[in-house]
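Here's the structure, in structure tokens; my notes come after.
The values are calculated or read from the model by the stated rules, or taken from the named source; none is laboratory data. What you see is a predicted model; the values in this text were computed from it and never measured. Note that each Cβ is placed from the backbone with ideal geometry, even for glycine, and that neighbours are counted across all protein chains shown. Surface areas here come from the heavy atoms of the whole protein model, side chains and all, with no ligands, DNA or RNA. Shrake-Rupley method; radii C 1.70, N 1.55, O 1.52, S 1.80 Å.
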Amino acid sequence: MLDSAPPTDISAWFDSFARHLAARDIDGLLELFTEDCYWRDIVAFTWNVKTLEGKPAIRAMLEATLVSTTPSAFTITNTTQRSGVLEAWFDFETGVGRGQGIARFDDGRCRTILTTLQALKGHEEAIGASRPLGVRHGADRNRRTWTERRAAEEAELGSTRQPYCLIIGGGQGGIMLGARLKQLGVPAIIVERNAKAGDSWRNRYRSLVLHDPVWYDHLPYIPFPPHWPVFTPKDKMGDWLESYVKLMELNYWTGTEAVSARYDAAERRWTVELLRDGEPVTLKPAQLIFATGAYGPPRFIDLPGAGDFEGQILHSSQYSDGSRYKGKRVVVIGAASSGHDICVDLWEAGADVTMVQRSPTTVVRSETLMDLAFDIYSEAAVEAGIDVDKADLIAAATPFALQPPAQRALYEKIRARDADFYRRLEASGFLLDFGEDETGLMMKAYRTGSGYYVDVGASELIISGEIKVKAGVPIERLTPAGIRFADGTEIPADVIIQSTGFQSMHEMVAKIVDRETADAVGPCWGLGSGMRGDPGPWHGELRNMYKPTAQEALWFQGGNLALSRFFSKFLALQLKARYEGLDTPVYSPPLQ
């Protein structure tokens, strides 16, 4: 329940906080924080996505940014108790923008604080009371209708007028960023190699349904309607994205592939060579954004003897429909989300399916996850006044460094609740884990984007033996008729599907720009946790995502619908500030 007025001690804390900031009294300000404190800033102070951990790191950030940021006008908007922790929501201003934040307290001092830039002064989105009129009343022989103006924009941009931003990839990430830029008045073109917006979903396997609930998956500006199903089928998602592109009036080029790109540091422009419907086109944007999915190109594993195998070998990204495999013996290598879903699709189509599990997988029943992990993204949350934007800020207010203990506690509850399910799953021979540090699915998603499955039916087929599992035994080689394993066993196969994941998004940079630039930028995703697949050093935020990179004017946008929605706002604001010529001093200290 939100209080009508903040407690006196919280009001006093913010008065002191604002006073110390205005006086640039960092010593005094740090006395307001606990020793184990965190400041997560999203663009407001740092022009970066950065978490400062501990007083020395916060001090260094403030020493570097206070003069240029000039924060002021801190106003408490709400206070609440969340899981026994006092939480205060506040608005504030900087020299160039308006922001919103959340502070959480421990015994009168601040343990964590989130500051986010929400708008640029004088460059706000044309929404709400500022929305366009849509018509110019009166008679005019030179009138241009909306249709005519829209057609002119589509004809000019990329021809007689260059876009400021070019977004490579027209899936959910590129579309949401394009929508944000459109509302900020930044000329942008999205290029998509598929024939229609939404095809990146439509072209996937027929049984695919989103594993996250509708309250978590909204797009900006146009949320899903109240009748929308909790879990969205992939073709319905594709149709929504196609409609969204049209309704948001995005400049979206289908049938277009990025061939090459090079940056001219003197001109501060990219030269990007495209093939649009087979015809060469050259664009010269100032900013280049890779939005080619959550990850990069497909990852194939080496299979000795592949040349001897007499059947078909394909990657999960090439799989779309199990009907062609009816009656065939199909081996799926991989036991994460796509591997499970493809096995179910094949089983439904009448194939003889074996899953090859090379390492343990974290599995969580969808019903359990809905009950225990999506409390702020639910119908109950909406009824309590927590819409998706509020939920996003609540989630963002917990730094990544503090998430493992909370996730570990969550998975202790999940394992206790579903103990019989897990017992039966392990009895089938399936290798189960909850991460190296027992933190479960979400931390695996952030660290590696792999190794987990939200159970929507495959696990019971595994338990019953309908989907066979070969777990924990290395593949020795392929034979003409199947797969031979290190233990001497062999599984016959007509088809082998590698559900072995994807490379980092920076491999698309290597393909389109060059290897040197890709290596300078480095991998995307992961936190630097030191866990398997997520090497250090510790970043505290997702590597290279939604923020400046080592290559000037090159950015990455991606992730699931929720991350794409939330961070598209802040990436768009960074691009808008540069478009308007605002000073954007990026605070990016070396990693320890």
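A few notes on this one:
- Look at the alpha carbon pairs under 8 Å that are at least 6 residues apart: their mean separation over the length of the range 470-535 gives a relative contact order of 16 percent.
- To the nearest ten degrees, helix 8-23 and the longest principal axis of the Cα atoms of the chain are 80 degrees apart.
- Histogram of C-alpha separations across the range 395-440, 10 Å bin width, %: 25, 45, 22, 9, 0
- q = 0.05, 0.06, 0.08 Å⁻¹, the chain: log10 I(q)/I(0) [Debye, one scatterer per Cα]: -0.24, -0.34, -0.61
- Relative intensity, log₁₀ I(q)/I(0), of the range 97-205 from a Debye sum that treats every alpha carbon as a point, q = 0.17, 0.18, 0.21, 0.24 Å⁻¹: -1.05, -1.10, -1.23, -1.31
- Local charge for residue 280 was computed over the other residues whose Cβ lies under 13 Å away, with Lys and Arg +1 and Asp and Glu -1, and equals -3.
- Amide H to amide H distances under 5 Å link residue 471 with 357, where only residues 5 or more positions off or on other chains count and H is placed in the peptide plane.
- For the chain, the solvent-accessible area with a 1.4 angstrom probe is 43 square angstrom per residue.
- Surrounding net charge for residue 339, when Lys and Arg each add one and Asp and Glu each subtract one, Cβ distance under 12 Å: -1
- Part-to-part distance (alpha-carbon centres) for the range 75-126 and the range 375-442, which is given in Å: 25
- The share of alpha-carbon pairs in the range 230-294 lying farther apart than 17 Å comes to 58%.
- The GluC sites (Glu not before Pro) found in the range 497-590 that occupy coil by DSSP, while having at most 16 further C-beta atoms within 10 Å, are 552, 580.
- For the residue pairs 246/576; 121/569; 50/547; 390/569; 413/468; 326/468, alpha carbon separations beyond 18 Å are given by 246/576; 413/468.
- Largest accessible area first, the listed residues 344, 353 line up as 344, 353 when surface is computed with a 1.4 Å probe on the assembled protein chains.
- Accessible surface of the range 71-139, 1.4 Å probe, proportion on carbon and sulfur as whole %: 49
- For the range 239-252, putting each phi into the Karplus relation 6.51 cos²θ - 1.76 cosθ + 1.60 with θ = phi - 60° gives couplings of 5, 5, 5, 5, 5, 4, 4, 6, 5, 7, 6, 7, 8, 10 Hz, in residue order, rounded to whole numbers and with x for Gly and Pro.
- With every protein chain in place, the range 158-277: carbon and sulfur % of accessible area (1.4 Å): 50
- In percent, rounded to a whole number, the relative contact order of the range 19-140 is 22, using alpha-carbon pairs under 8 Å and six or more apart.
- Over the chain, Cα pairs under 8 Å with separation of 6+ residues give a relative contact order of 16 percent.
- Taking every alpha-carbon pair in the range 495-592 and binning the separations at 5 Å intervals from zero gives 2, 10, 18, 21, 22, 15, 5, 3, 1, 1, 0, 0 percent.
- In the chain, helical runs assigned H by DSSP with n ≥ 4 each contribute -39500 (n - 2.57); averaged across all residues and rounded to the nearest 500, the mean residue ellipticity at 222 nm is -9000 deg cm²/dmol.
- Linear extension gain, residue 321 paired with residue 479, 0.36 nm per residue minus alpha-carbon span: 54.3 nm
- Rounded to 5, percent antiparallel among DSSP beta bridges of the range 1-113: 90
- Distance cut-off 16 Å, percentage of C-alpha pairs in the range 351-424 lying past it: 65
- DSSP beta bridge pairing in the chain, given as percent antiparallel to the nearest 5: 55
- Accessible surface of the range 448-508 [probe 1.4 Å, protein heavy atoms]: carbon and sulfur percent: 52
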